[in-house]
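The values are calculated or read from the model by the stated rules, or taken from the named source; none is laboratory data. What you see is a predicted model, and the numbers here were worked out from it, not measured in a lab. All Cβ positions, glycine included, derive from the backbone under ideal geometry; neighbour counts span all protein chains shown.
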Amino acid sequence: MIIHIPENSDFSIHNIPFGIFSTQDRSPRAGVAVGEHILDLAAVAELDVFDFNTAVLEKETLNDFISLGKEITKKVRRHIQAWLQDDNSILANKPQLFVKQSDAQMHMPVYVGDYTDFYSSIEHATNVGKMFRDPENALLPNWKHIPVGYHGRASSIVVSGEAVHRPKGQTIPPDSKQPIFGPSQRVDFELEMGFITGKDTKLGDSISTSEAEDYIFGLVLFNDWSARDIQKWEYVPLGPFLAKNFASHISPWIVTLEALEPFKVSGPEQEPEVLPYLKYEGTKNYDIHLEVGITPEGSEEQTVCHSNFKYMYWNMAQQLAHHTVNGCNINVGDLYGSGTISGKDENSYGSMLELAWMGTKPLKMKDGSERKFINDGDTVTMRGFAEKEGKRVGFGEVSAKILPAK
Ligand code: CA
């Protein structure tokens, strides 16, 4: 191996995720994470080893690189895997090609033109339905027929590490008919994964479930921050607005669909039967362990949730097929959130709303304090990895701190 990769690293030879990084001496450019290092792709390009226009590796986002198409991006990944494992390859004895991750700053990996958030975990949708509507009819009648979603705000999607201020807005106090204005008292995280499309479609075109994987470049961890008190007052009749668009964080490394291929598993049975355009063949869910930790200011991290991406009721192929069935066009770099990923167990719920059950079951932190929602100074960190037969492919983390309202 050209560079040491620690055992249990998320960024093993089986992964090779793409991102955008900068160093003190050089502006943002493309790289891949390898163990604790970044292989500088713009520097590799200077060795004249790629047969495409390598200007795309010196851009501030990966959109142009991804636009080259899977045939090329897959080949780049395969070459890097081969070079790293061959002690006599073109990467040998060139330490300048590798940057320590601790010496680099990560940036948004893509320019996100459009962002859609789904609501595809049956456990999450059922929990929320029980709390806010009718425990006997927690799922609305459309839920098992449509991968429910809404169009979100792309401008406030930011990369891991960027702190965010507690949002202010209108809320309705209990037993009151008059709203008040002020900082949200119920800031929450949502544990999600996001996929990024790597191919455009034309207005009017649709993507079938069997074509969907050609259009998905890769996945990231996604924290869809939510202000529950603002959400409760504003969401009828058109859905979430300011409760959701103050910030959402993504992890900086895009793990390709190819790297996740070995971790495919069957999804839950879909009953009643879905309409023909939502049917699919093969396995379309992914076994990816997920966890969330909360670190209060000056204290240690407390893990509050263990979940798994395989719990999703609707898979990404169905989400993309549904999204485009009416002819809605998609672009390279668009982001699609899975919706909060909850499992059946109480410790697998993907939001504080569910974990602390609307504040009725506060969670204990390591410093002795309790949490119903997220406090100022808290850092929320999500991690995710897949592992099978000694192969580990991980996402690193998406982590961000909540600052007091501005
Ligand atoms: Ca969400």
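Kindly indicate the residue of the stretch 316-347 that is among the hydroxyl-bearing types (Ser, Thr, Tyr) and touching a Gly at 6+ places or on another chain (Cβ under 9 Å) and also nearest to the ligand (Cβ to nearest atom) among those meeting that condition.
Step by step, filter the stretch 316-347, then rank; the result is Thr340.
Taken over the stretch 175-188, the residue count meeting the criterion of being loosely packed, with under 12 Cβ neighbours inside 10 Å and either hydroxyl-bearing (Ser, Thr, Tyr) or closer than 11 Å to Lys232 by Cα (or both) is 1. For the stretch 43-128, which strands (runs of 3 or more DSSP E) that fit wholly inside it have 1 or more residues that are within 16 Å of the ligand (Cβ to nearest atom) and at pLDDT 95 or above? Correct list: 115-118. For the stretch 35-56: of the residues being under 23 Å from the mean Cα position of the chain (by Cα) and hydrophobic (A, V, I, L, M, F, W, C), which is surrounded by the most Cβ atoms within 10 Å (Cβ to Cβ)? Here the residue is Ile38. Annotation: of all residues in the stretch 16-34 being assigned to a loop (DSSP other than H, G, I, E, B) and buried (at least 20 other Cβ atoms within 10 Å of the Cβ), the one that is nearest to the chain's Cα centre (by Cα) is Pro17. Close contacts from the stretch 353-379, counting a first residue that is surrounded by 16 or more Cβ atoms within 10 Å (Cβ to Cβ) and at pLDDT 95 or above and a second that is aromatic (Phe, Trp, Tyr) and in a loop (DSSP other than H, G, I, E, B), with Cβ to Cβ under 6 Å and a gap of 6+ residues or different chains, come to Leu355/Tyr349.
Every residue, every condition in (1) in contact (Cβ under 8 Å) with a residue 12 or more places away in the chain; (2) over 22 Å from the mean Cα position of the chain (by Cα); (3) in the same structural domain as Trp143 (by TED's automatic domain parsing), yes or no:
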| site | (1), (2), (3) |
| --- | --- |
| Asp64 | no, no, no |
| Ile72 | yes, yes, no |
| Arg78 | no, yes, no |
| Asn88 | no, yes, no |
| Gln101 | yes, no, no |
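With the requirement that a residue be touching a strand residue (DSSP E or B) at 6+ places or on another chain (Cβ under 6 Å) and in a loop (DSSP other than H, G, I, E, B), what does the stretch 152-169 give you? Passing the criteria: Gly152, Ala154, Ser160, Ala163, Arg166, Pro167. Only one of the numbered conditions (1) of a type in the set (D, E, K, R); (2) surrounded by fewer than 20 Cβ atoms within 10 Å (Cβ to Cβ); (3) under 24 Å from the mean Cα position of the chain (by Cα) is violated by Asp117, and that is (2).
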